[in-house]
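Visitor: Below is a structure I'd like to ask you about.
Since every read-out is calculated from the coordinates, none of them should be taken as a lab result. Bear in mind the structure is a predicted one, so any value in this text is a computation, not a measurement. For neighbour counting, all protein chains shown are included, and Cβ atoms are generated from backbone atoms with ideal geometry for every residue, glycine included.
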Amino acid sequence: MADFKAVIKHLEARGYTVSSFESGTEAAAYLDQKIDGMTVGIGGSATIKDIGAYALLKTHNDVYWHWEQEADTARLNAMQTDIYLTSANALAETGEIVNIDGKGNRVSSTLFGHKKVYFVIGANKVTETYDKAVWRARNIASPARAHQMNAQTPCAVKIDRCYDCSSPGRICRGLVTLWAPMFGMEAEVILINEALGL
């Protein structure tokens, strides 16, 4: 099992609120209790799907998620919500949160526009250093997601590493590192002691 002490210490020093749970079920119940009567956007996240948060939250919130609704409309609506839920492609023990995106809706919502953003992160996403976090985002998470989407890219075929390709179907088009929560927007990191997402 993961020891989250170091990453919690560094995240809190950077200004994040941090909660940790042993299971995705516990984390989903926590989110369900904390978020009530709100508008909620969800980014493309296998972690959010894995823990079942959407099914819980939609019973008492207005939730927009392009994996469950008409994609373009849901993406636009999700960008204007009170709360935004996403994960991370990687989280360094030193506190940097790394995400790669293709359309930009997910990373832009971690930067601006919401009252609060929750980063829901499984133990498999935590790396020792920032360099390893960037490596993981590029060479583990992105190829796995490209394969899942049937992207016409070298990484989607081999699922082994980033080829820094120029394929028209390339899904990794922007990389964002958060060193701290953005001004004017609360941010909470939820750590889960399970392997979740990609």
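Visitor: Counting only other residues whose beta carbon sits under 13 Å from that of Ser108, what net charge do I get with K and R as +1, D and E as -1? Can you show the working numbers first?
Guide: On the way: positive: Arg75, Lys103, Arg106, Arg173; negative: Asp101.
Local charge sum for Ser108: +3.
Visitor: Once the other residues with Cβ under 10 Å from the Cβ of Asp82 are scored (Lys, Arg +1; Asp, Glu -1), what is the net sum? Spell out each step's value before the answer.
Guide: On the way: positive: Lys115, Lys116; negative: Asp62.
Its environment carries a net charge of +1.
Visitor: What does DSSP give for the chain in terms of the percent of beta bridges that are antiparallel, rounded to the nearest 5?
Guide: On the way: 7 of 32 bridges.
Taking every DSSP beta bridge with both residues in the chain, the antiparallel ones total about 20 percent.
Visitor: Pick out, in residue order, every one of the chymotrypsin sites (Phe, Trp or Tyr not before Pro) in the stretch 1-63 that is DSSP loop and has at most 16 other C-beta atoms within 10 Å; say none if there are none. Let's see the in-between values first.
Guide: On the way: sites: Phe4, Tyr16, Phe21, Tyr30, Tyr54; in loops: Phe4, Tyr16.
Filter output for the stretch 1-63: empty list.
Visitor: Is the chain rounded, prolate or oblate when judged by the Cα gyration tensor, a ≥ b ≥ c being the square roots of its eigenvalues, rounded requiring a/c under 1.5 and prolate requiring a/b larger than b/c?
Guide: Numbers: a/c = 1.55, a/b = 1.15, b/c = 1.35.
Because a/c hits 1.5 or more and a/b fails to exceed b/c, the chain counts as oblate.
Visitor: HN-Hα J couplings of the stretch 54-61 from phi, Karplus 6.51/-1.76/1.60, θ = phi - 60°, integer Hz, Gly and Pro as x?
Guide: 4, 4, 6, 5, 5, 6, 9, 9
Visitor: Counting only other residues whose beta carbon sits under 13 Å from that of Leu57, what net charge do I get with K and R as +1, D and E as -1? List each step's numbers first, then the result.
Guide: On the way: positive: Lys34, Lys49, Lys58; negative: Asp32, Asp36, Asp62, Glu68, Asp82.
Here the charged neighbours net out to -2.
Visitor: Straight-line reach from Lys9: which lysines have a Cα under 29 Å away, not including same-chain ones fewer than 8 places off?
Guide: Partners found: Lys34, Lys49, Lys115, Lys116, Lys125, Lys132.
Visitor: Separate question: Quick one: which residues, 5 or more positions from Asn193 or on another chain, have an amide H under 5 Å from its amide H? H modelled 1.01 Å from N in the peptide plane, none for Pro or chain starts.
Guide: When sequence neighbours closer than 5 places are left aside, the close amide H contacts are Phe21, Glu22, Ser23.
Visitor: Give the order of Glu22, Glu93 when sorted by the count of other beta carbons within 10 angstrom, beginning with the fewest.
Guide: Glu22, Glu93
Visitor: Here is a follow-up. Please report Arg14, Arg145 as a ranked list, fewest other C-beta atoms within 10 angstrom at the top and most at the bottom.
Guide: On the way: Arg14 18, Arg145 22.
Arranged by neighbour count, lowest to highest, Arg14, Arg145 become Arg14, Arg145.
Visitor: Out of Tyr54, Ala28, Gly169, whose Cα points farthest toward the positive end of the dipole of the chain (charges: +1 Lys, Arg; -1 Asp, Glu; placed on Cβ)?
Guide: Checking the options against the dipole of the chain, the answer is Gly169.
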